[in-house]
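Only the coordinates and a few stated rules stand behind these numbers; no lab work does. Bear in mind that the values here come from a model prediction, so they are computed numbers and not experimental data. Methodologically, a virtual Cβ is constructed for each residue, glycine included, from the backbone with ideal geometry; neighbour enumeration extends over all protein chains shown.
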Amino acid sequence: MNILSENFELERYGVKVRLATEQDAFFILSLRTDERLSRFLHKTDNDLVKQLEWMKAYKEREHKGEDYYFIYTNDDGPFGLNRIYDIHDDCGTGGSWLCKPDTDVEASIATLLIMRDIMFDCIGLQNDLFDVRKGNSHVQKIHKMMGAKMIGETDLDYLFKLSKSDYQVSKEKILQLLNLKE
């Protein structure tokens, strides 16, 4: 397993990605507290001080290679975010995926592709183990399109697994469908 450097950046599919910093706290909070966007995520208090404290603790986890929070930008500035967390052995969890409401479909899907590219190619993980709220059928469909398989459920969530090999097979089809170029 590889640890990303604190100045990690990548540009792919017309989108730039970098690791979140404390300066991103307001942007992150604005998406995570938007009731429409975050209805399927764990609740976040609308408290900038608490978000800054969380970001400080996150940066320690990032330094250890346990957790990575990504900010996605284009020419108009930041538009999306997601995370890779619970990293252990050859697995991690991709999640906390949010994009501003006016984000086009291609850019939104590109953030998921980039997160998985980082997870599998940069960090060297083999599996993404994640959950999706049962009511979030749109996101369930997107993950299945990427090759994820449902492996269980809880009262609130469906549990999924996406292997690197299944992702690689599906990725090319998605890139063609959305006319995205690496």
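DSSP assigns beta bridges within the chain; of those with both partners inside it, close to 95 percent run antiparallel. Computed from the C-alpha gyration tensor, the three semi-axes of the ellipsoid equivalent to the chain are 22, 19, 18 Å, from longest to shortest. Relative contact order of the range 9-178, taken over Cα pairs closer than 8 Å and 6 or more residues apart, is 17 percent.
For the range 127-182, the list of trypsin sites (Lys or Arg not before Pro) that fall in a loop by DSSP and count at most 13 other C-beta atoms within 10 angstrom reads K181.
With a simple spin-label model that places each label point 7 Å from the Cα along the Cα-to-Cβ direction, the separation between K50 and T21 comes to 2.6 nm. Shape of the range 115-167 from its Cα gyration tensor (a ≥ b ≥ c, root eigenvalues): rounded if a/c is under 1.5, otherwise prolate when a/b > b/c, or oblate? Since a/c reaches 1.5 and a/b is larger than b/c, the shape of the range 115-167 is classed as prolate.
Taken along the Cα-to-beta-carbon direction at a fixed 7 Å, the label points for R39 and R61 span 2.6 nm.
Can you pull the one-decimal nm distance between simple spin-label points at I151 and V169, each 7 Å off the Cα toward Cβ? With each label point 7 Å from Cα toward Cβ, the separation is 1.6 nm. Based on DSSP H segments of at least four residues, each scored -39500 (n - 2.57), the chain has a per-residue ellipticity at 222 nm of -10500 deg cm²/dmol.
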